[in-house]
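This report concerns only the one structure given below.
Derivation of every value follows stated rules applied to the coordinates shown; laboratory data play no part. Note that this is a predicted model, so its numbers are computed, not measured. FYI the Cβ positions are ideal-geometry reconstructions off the backbone, even for glycines, and counts take in every protein chain you see.
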Amino acid sequence: MHDMSAPAHAAQAPTGFLSKHVFSLDHKVIGKQYYGLALLAAIIGMFLSWVMRIHLGWTSFAIPGLHFLSKNGAPGDVMTPEYYLQLMTMHGTIMVFFVLTTAPFAAFGNFFLPIQVGAEDMPFPHFNMMSFWITFVSFVVMVSSFFVADGPTLGGWTQYAPLSAMGSVTGPGQGLGVVLWASSIAIFCIGQLLGSLNFITTTLDMRTKGMSLWRMPLTTWAWFITSIMGLTAFAVLMPACILLILDHVAGTSFFVPSNLVVNDQLQPHSGGSTLLWQHLFWFFGHPEVYIAIVPAMGIVSHILMANIRRPLLSHRILVYSMGAVAVLSYMVYGHHMFVSGMNPISSIAFSFPTLIITIPATIIVLIWLGSLYGARMRLNTACLFSLGMISMFITGGISGFFLAQPSLDIMLHATYFVVGHFHFVMAVSAMFGIFAGTYFWFPKMYGRMMNDTLGKIHFWLTFVGAYCIFMPFHYLGLASNVRRYQAFVDDYLQPLIPVHRFITVAAIATGLVQLIFLYNLIHSRFWGKPAPDNPWEATSLEWSTSSPPPFDNFGGKLPVVYHDPYQYGIEGSTGDYVMQTDPQQIQTQGDEA
Amino acid sequence: MATTIHPPGAKEIRDLRPSNTSGNGGRRDRVPAGSELRAVQEYAPPPASTGVWVFVAGVSMTFAALTSALVVRKGGALDWRHVTLPSILYLNTLVLLASSVTLEISRCHVAAFMGGVKATTGNPARWLYATLSLGMLFLAGQYIAWRQLSAQGLYLATNPSSSFFYVFTAAHALHLLGGLFAMGRVIRKLNEHVLSRATLDATAHYWHFMDVLWIYLLVLLWMKL
Amino acid sequence: MAKLLAVTIILIAIISAIPILRHTWWMPEDISTHGQPIDEQMSETMAEGGISFLASQFLLAFFIWKFSRPRPGEKIKNFPGGAMGLVIAAFLLVGTEVLALGAFGAKAWANIYLTPPAANAMPIQVQAGQFAFYFRYPGPDGKFGPLHADQINEANANFFGLDTTHDQDSKDDIVAAEMAVPVNREINMLMHAKDVGHSFFVPELRVHQDFVPGLDLAIHFTATKIGRYEIVCTQLCGLGHYNMKAYLEVMSQADFDDWLKKQAALQ
């Protein structure tokens, strides 16, 4: 066993199936493993959303085969009320943790961060390998809750106490289901902390000659900022989950107050604080959603630049804005708790940073838009998804603007308006970032091109489909349609059921479209056209090495960096761009150094 | 790729790797001579050093979260009962502080050895063994403290203050256990002559942090429980 | 392809805006005394949000339309004002907008949550438990008897855990499964959670507040229009969450007095 701080490849490429493909220390393999995990999680999460949506549109419909998933949860293939909530909880948890935190950050970041800074690997490859397998174990624990007697927990991905803390007396799945959920998440936190450790040290210490901080591409910056957020946020969620587990298995009362009565039985807990869970959870929860979106912002910026063939209006301002968003994200978490019973003055206090975070977010969007001016756009699939992400992020951001105001939150809290907002910024914007990254980087990762025609069809149908699904959520919310209902029995909700049915049809149709993407991924992996080193004529370091990169990323000779990655629109002998590794001088506007 | 403790006379103790490997520990020099582009000069610390501070930041956040849980839980509840800290905790504190002292002594010996000041000296590993033993003694003392508390009828779920006592001390002990493994690794590497200064420094920083964290926890528990 | 994308974005933006402009799905009519600033805030925010939405989507579409062809040899133009111009615009426009809305909204919020109830506000206690709301009126003595959690017995309809044998104040308390209030009379609603977290939401009344187990809260309001409105639970509380509701009956004072007498007789 060698020194933890030495890159593993300084020796030689591993042989043997296990060390090459399973317990690999190579950040590229680890990145691909994370991507595979995220893909599997996304398929499961999407399947869950389908059965949820069918049930919402047609509550007593017998979904064929559902009883195979759970005899208790779907007797005769008709979903019980509790099973809806259980599936909903799993949908949210799997999507937020195992797709949106994993794919844009852990998958692409692991693969490309070391290459983009010019390193052979991350400095702690064993920790890196452990971080993936720990995340994998976390996933297995989470999914295992489907198969225990009572089923998974039904408390939502937010697991508010005391519903989550009192045990199975509060409902099916609230005993072992909660313990499995909390254990899985605590394990996930450890995996993420090890990942952040590697990301931060790689960015700070492993940059090659000439790679100053300001010469790093925006994706590297995004991953760096995200990993700092991950370090601090997951370190708070982990003790919260442990305290929750203790309330279950050790008889403590961190989150359960006294004098609670369930089924006419006085509960044995005393003195705990319900709101304590909410504070701990949302202190993590709000930075978490920025952990989901900031890498996508970096990816979109990076891809956009390569496809508009000109630099973005200002690289530094984008970095500062992403940083501002990250810092502010810790001050806004109370906006999830405006009507929670916390001091109403706190609600006003939290609303101001929430409103102010609009400013850096707007700056980011305006810089993107302003950079399109004077562009020479190449509309390949990656660029289409990047542009689509901008449209989606604008929509989601504006709906957030409503929710930032406590007086409006009175009407919109816990309605479908919130669901529409977060699906736009997370499920769609971050997903579009993942798609864009996939189409852009697939050639580098696998040495083969994806089919661009199929990619474009995937984009068009998904773009229109996503708007069809999630825009109506806002209308439902304005009409006070409460969320987390498995059926709509209230009088005022009856006229809204046709809207739900429309959404369900759109959701299933758009979900089926993703099969095109899946087919494209698998087919291109084995039979795609061989990819050149730099198919997109891009400047950053990953394009200066072969597709796929060799074992040690650069074939034994580390690159030397002469420029920042924004040298597009240059007139030179090599075309309209200059790579970071190209020693030729440039006569134009200032080089970032 | 093995690295060795520098033979006497070597100057740059920190640059233990050849400069043409990935930036770790290296200077990012000027671009090759003859070029007119601006140079970018930076010095990067060894990754182990950065890494340990990143890890310390994460652990601090965890204990910060537990601290705020303690404050909130105490503030809102009528069932808070004062817990008298078992007196062995103060002895354990001295033991842990002593372990930091022995660690620093061993670092001085290693530095001297690396710098060639003393050609032969008492085995610096001796002081590392002392540190390790004191750490284990601390953990044993913590266990005794738990036994003393449970003898008074104070268990994990007895009341919220006892809950926090166990949670905080267990969390600290767990992290210190990790530190013991790291210390064991340093000793093994020293014995095999493959210890790098960065590894020793990083482990030492972590160990001292565990010390500081314990003092913070002691004060917190003494004030609040 | 570029032109198609531009047109698609514009169509999506316009189609999305239509139901908003036409209030196809909108908040129900406001029947409260404190709701007007909320509704104004909503309209204000919708106008600003709507304009920002349409303007930015149109700008995105326009740029995609205009800047999608290769321009070999042509000098690259920067957006007028450059990055700094946009930053300044963002700070000024967005900054003033959000601060103005924040200040105005804080006032509306404080009006509801930071003002004490009137001295003659009628107290009604509401208890939320899996999966129903129950309402308690203090009766002629104007006092609520103490709650005994260990005496709650749903089978015997003792939802609040009242001890009418030993507690004098509980003897005349009136417990009902629906909430009746006289119109134009301020109500001070005392909120108590029996088991887990719940929430009280009446859209028409512009009232939304979570129940917090372990913390008894109060919120006050005045209903201005006679009618029957739904109270729905909005905090996930278990498998019956979707079905947890009650009716709020706003009546004339005379009708309310009748109702209360009838309820008292049923105790």
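Exposure proxy ranking for C:THR164, A:THR89, A:THR208, A:THR15, based on other Cβ atoms within 10 angstrom of each Cβ and starting from the fewest, stands as A:THR15, C:THR164, A:THR208, A:THR89.
Angle of helix A:315-328 to the longest C-alpha principal axis of chain A, folded into 0 to 90 degrees and rounded to 10: 20°. With R₀ fixed at 51 Å, the C-beta to C-beta distance from C:ALA47 to B:LYS74 puts the FRET efficiency at about 0.60. Computed on the range C:122-266, with alpha-carbon pairs under 8 angstrom and 6+ residues apart, the relative contact order is 26 percent.
When shorter helices are ignored and each DSSP H run of at least 4 residues is given -39500 (n - 2.57), the per-residue value for chain A at 222 nm works out to -19000 deg cm²/dmol. If the chain linking C:TYR247 and C:ALA265 were pulled fully straight, counting 0.36 nm for each residue of separation and taking away their Cα-Cα distance, it would gain 4.5 nm. Angle of helix A:497-527 to the longest C-alpha principal axis of chain A, folded into 0 to 90 degrees and rounded to 10: 40°. 3J(HN,Hα) along the range C:238-250: x, 5, x, 3, 5, 9, 8, 7, 8, 10, 9, 9, 9 Hz, from the Karplus curve 6.51 cos²θ - 1.76 cosθ + 1.60 with θ = phi - 60°, whole Hz, x for Gly and Pro.
Spacing of the modelled spin labels on A:PHE17 and C:ASN111, each 7 Å from Cα toward Cβ, amounts to 7.1 nm. With contacts defined as alpha carbon pairs under 8 Å and 6 or more residues apart, what's the relative contact order of the range C:54-186 in percent? The normalised contact order for the range C:54-186 reaches 18 percent. Shown for the range A:4-143 is the translational diffusion coefficient from the Stokes-Einstein equation, using the Kirkwood radius over Cα pairs, a temperature of 20 °C and a viscosity of 1.002 mPa s: 126 µm²/s. The Rg/Rh ratio of the range C:122-266, with both radii computed over alpha carbons and Rh defined as the Kirkwood radius, is 0.94.
Ranking C:CYS237, B:CYS108 by Cβ neighbours within 10 Å, fewest first, what do you get?
Working: C:CYS237 26, B:CYS108 13.
Placing the least packed residue first, the sequence is B:CYS108, C:CYS237.
Using C-alpha pairs under 8 Å with a sequence gap of at least 6, the mean separation divided by the residue count of chain A gives a relative contact order of 15 percent.
Where the alpha-carbon atoms of the range A:389-525 are placed on the principal axes, they occupy 55, 29, 20 Å, in descending order. For the range A:62-98 versus the range A:486-518, the spacing of their alpha-carbon centroids is 16 Å.
Using only Cα coordinates, the Kirkwood hydrodynamic radius of the range B:46-224 works out to 17.6 Å. Note that the range A:457-471 has calculated 3J(HN,Hα) couplings of 4, 3, 4, 4, 5, 5, 4, 5, x, 5, 4, 5, 6, 9, 5 Hz, one per residue in order, obtained from phi through the Karplus relation 6.51 cos²θ - 1.76 cosθ + 1.60 (θ = phi - 60°); glycine and proline are x.
Rounded if a/c is under 1.5, else prolate if a/b is larger than b/c, else oblate: which is the range C:227-267, with a ≥ b ≥ c the root eigenvalues of its Cα gyration tensor?
oblate
Legend: mean number of C-beta atoms from other chains within 10 angstrom of residue C-beta atoms, peptide B:156-167, equals 4. With a simple spin-label model that places each label point 7 Å from the Cα along the Cα-to-Cβ direction, the separation between C:ASP167 and A:VAL489 comes to 2.9 nm. Summarising the amide proton neighbourhood of C:GLU230: residues at separation of 5 or more, or on other chains, whose placed amide H is nearer than 5 Å comprise C:LEU248. 3J(HN,Hα) along the range A:88-99: 4, 4, 5, 4, x, 5, 5, 5, 5, 7, 8, 10 Hz, from the Karplus curve 6.51 cos²θ - 1.76 cosθ + 1.60 with θ = phi - 60°, whole Hz, x for Gly and Pro. Cα extents for the range C:19-159 along the principal axes, largest to smallest and rounded to whole angstrom: 88, 35, 32. Note on A:237-249: average number of Cβ atoms from other chains within 10 Å of each residue's Cβ is 3.
FRET efficiency for the pair A:ALA509 and C:GLU40, taken as 1/(1 + (r/R0)^6) with r the Cβ-Cβ distance and R0 = 41 Å, rounds to 0.55. Kindly express, to the nearest 10 degrees and within the range 0 to 90, the angle between helix A:27-57's C-alpha long axis and the longest C-alpha principal axis of chain A. Orientation of helix A:27-57: about 40 degrees from the principal axis. Would chain A count as rounded, prolate or oblate if I go by the C-alpha gyration tensor, calling it rounded below 1.5 in a/c and otherwise prolate when a/b exceeds b/c, oblate otherwise? Prolate is the answer for chain A, as a/c is 1.5 or above and a/b outweighs b/c.
Order these by the 10 Å Cβ neighbour count, fewest first: A:SER386, B:SER100.
B:SER100, A:SER386
In this structure, B:VAL101 and C:ASN120 have a Cβ-Cβ separation that, at R0 = 56 Å, corresponds to a calculated FRET efficiency of about 0.20. Return the subset of A:LYS32/A:LYS456; B:LYS74/C:LYS143; C:LYS107/C:LYS225; A:LYS28/A:LYS209; A:LYS20/A:LYS209; C:LYS143/C:LYS261 for which the Cα-Cα distance in this structure is over 27 Å, preserving the input order. Pairs exceeding the cut-off: B:LYS74/C:LYS143; A:LYS20/A:LYS209.
For the protein assembly as shown, rounded, prolate or oblate, judged on the Cα gyration tensor with a ≥ b ≥ c (square roots of eigenvalues), a/c < 1.5 rounded, else prolate if a/b > b/c? Oblate, because a/c is 1.5 or more while a/b does not exceed b/c.
A cut-off of 5 Å between modelled amide H atoms, ignoring neighbours fewer than 5 places along the same chain, links A:THR415 with A:ARG483. Cα centroids of the range A:28-46 and the range C:136-183: 56 Å apart.
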